[in-house]
Amino acid sequence: MAKIRVCMYENVDEVVFKSSIYPKRLPAILKGIAIGHCKQKWNKEYLKKVIGKNEVKVHVCKTPQMDFIRKNFIYKTLTFDDFIERASSEKHHEYFLSEIPDYGNWKITTYEKYHPPQPNIVEAEDEKYYLRSLGEDPRKDVSNFHQLFPTLSNDLKEPKLFDSESFFSSVLRIGSPGVQLWTHYDVMDNILIQVNGRKRVVLFSPKDALNLYLVGDKSEVIDIDNPDYTKYPLFKNATWHECLLEPGDVLFIPALWFHNVTSLDFGVAVNVFWRHLDPSAYDHKDVYGNKDPLAATRAIQIADRAIKTLHELPDDYRDFYARRIIGKIQSKACSQF
Ligand SMILES: O=C(O)CCC(=O)C(=O)O
């Protein structure tokens, strides 16, 4: 498996970013950008004090590796100060999750119905917490950090790297040490401003899409460091673009680049999405920046119909015409295979 270090740039301004970094469509770490006083101010006590009892909806997970496909986490609404206390501590006295016994294919006989196996309850004193801020009405509104958290707003100076009319959303992200967010892509360009705490970010090019076993915008390969190669043999072919984000760093994540993010410490970040396609190309119901552009959704629906139609044929004909269609897509719609 090939590994590449993400390029780093020092003291970049809007002109340099737009002329020589952005057009490459590669991830980039921007160091030394002025992001305001948040880096000095946003410690645990300050965050608890300024946001206090406002409620936030957070992910709570038994294991550090969060898996959106198999949903190994629950959502809980907590007061912000409680969330910060929990996310910044390794062990918890009060927790939401406990080990659920895995009975596998256990079949209930009449005897067992009245004598069920005793669950071996291991309480989750190290459960993990993760906040991704949501809009006022999460089904309709995008997250706008400055509107949602006015008492923090002045502390953060967003780097001016794109035209303000392209702004889509800004998202506050806070997580426990160790939390690993599943590999996924977003359809908009993005800067991840790491205010404090360190993160390891592994990115994969859009050209690696077929090596990542996608379910929608997410990869099925959750444990990227110890993948099950019998299940995911093509993952070996994916090229890792890896970097360590330190407090104050800004990571440019171009649209469609997959990213897998591990918090090495309790950390606070804000990411800003902006549109780089014409606004009419996007799904106007998208509040997360991850709904496929309208034309892509239509093409996927047509492909689903084509697959269904192929199933009207006997197996050997279905296989033959499926290969012809793949060939056509490869030669006419992929720039390089
Ligand atoms: O930093 C994180 O926790 C996740 C970042 C992310 O997924 C994003 O910026 O799109």
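The values are calculated or read from the model by the stated rules, or taken from the named source; none is laboratory data. The structure presented is a predicted model; accordingly, all values stated were derived computationally and were not measured. Cβ atoms come from the backbone with ideal geometry, glycine included; neighbour counts cover every protein chain shown. Accessible surface areas use protein heavy atoms only, side chains included; no ligands, DNA or RNA. Shrake-Rupley method; radii C 1.70, N 1.55, O 1.52, S 1.80 Å.
Less than 5 angstrom separates the built amide H of residue 72 from those of 67, all sequence-distant by 5 or more or on a different chain. Here the Karplus relation 6.51 cos²θ - 1.76 cosθ + 1.60, evaluated at θ = phi - 60°, turns the backbone of the stretch 4-10 into coupling constants of 10, 7, 5, 5, 10, 10, 9 Hz, with x for every Gly and Pro. Karplus-derived 3J(HN,Hα) values for the stretch 286-299, using 6.51 cos²θ - 1.76 cosθ + 1.60 with θ = phi - 60°, are 6, 10, 9, x, 10, 7, 4, x, 4, 5, 5, 4, 5, 4 Hz; glycine and proline are entered as x.
Set the bar at 29 Å for Cα to Cα. Now go through 140/332; 53/91; 18/328; 128/160 and name every pair that lies beyond it. Cα-Cα > 29 Å for 140/332; 18/328; 128/160; rest within. For the chain, the carbon plus sulfur part of the accessible surface works out to 54%, probe radius 1.4 Å.
Close Lys pairs in the stretch 196-245, defined as Cα atoms under 19 Å apart and 8 or more places apart or on different chains, number 4. With a/c under 1.5 counting as rounded, go ahead and sort the stretch 294-333 into rounded, prolate or oblate using the C-alpha gyration tensor (a ≥ b ≥ c being the square roots of the eigenvalues; past the cut-off, prolate if a/b is larger than b/c, else oblate). Cα axes put the stretch 294-333 in the oblate bin.
How large is the helix-only mean residue ellipticity at 222 nm for the chain, computed as the sum of -39500 (n - 2.57) over DSSP H runs with n ≥ 4, divided by its residue count, in deg cm²/dmol to the nearest 500?
Helices in the chain give a 222 nm mean residue ellipticity of -5500 deg cm²/dmol.
Per-residue 3J(HN,Hα) values for the stretch 133-150, derived from phi via the Karplus relation 6.51 cos²θ - 1.76 cosθ + 1.60 with θ = phi - 60°, read 5, 10, x, 3, 10, x, 7, 10, 9, 7, 7, 10, 3, 5, 7, 6, 10, x Hz in sequence order (x marks Gly and Pro). In the context of the full set of protein chains, residues of the stretch 294-333 present 90 Å² of accessible surface per residue (probe radius 1.4 Å, heavy atoms only).
Entry comment: accessible area of the stretch 3-281 is 50 Å² per residue, from protein heavy atoms only and a probe of 1.4 Å. The residue among 1, 35, 61 whose Cα reaches farthest toward the positive pole of the charge dipole of the stretch 1-82, with charges on the beta-carbon of Lys, Arg, Asp and Glu, is 1. Considering only 192, 171, 161, the residue lying farthest towards the positive end of the dipole of the chain is 161, judged by Cα position with unit charges set on Cβ. Counting only residues at least eight positions apart within a chain, or on another chain, the lysines with an alpha carbon under 18 Å from that of residue 157 are 31, 39, 41.
Taking Rh as the Kirkwood radius computed over C-alpha pairs, what is the Stokes-Einstein D of the stretch 3-281 at 37 °C in a medium of viscosity 0.692 mPa s, expressed in µm² per second?
The Stokes-Einstein estimate is 162 µm²/s.
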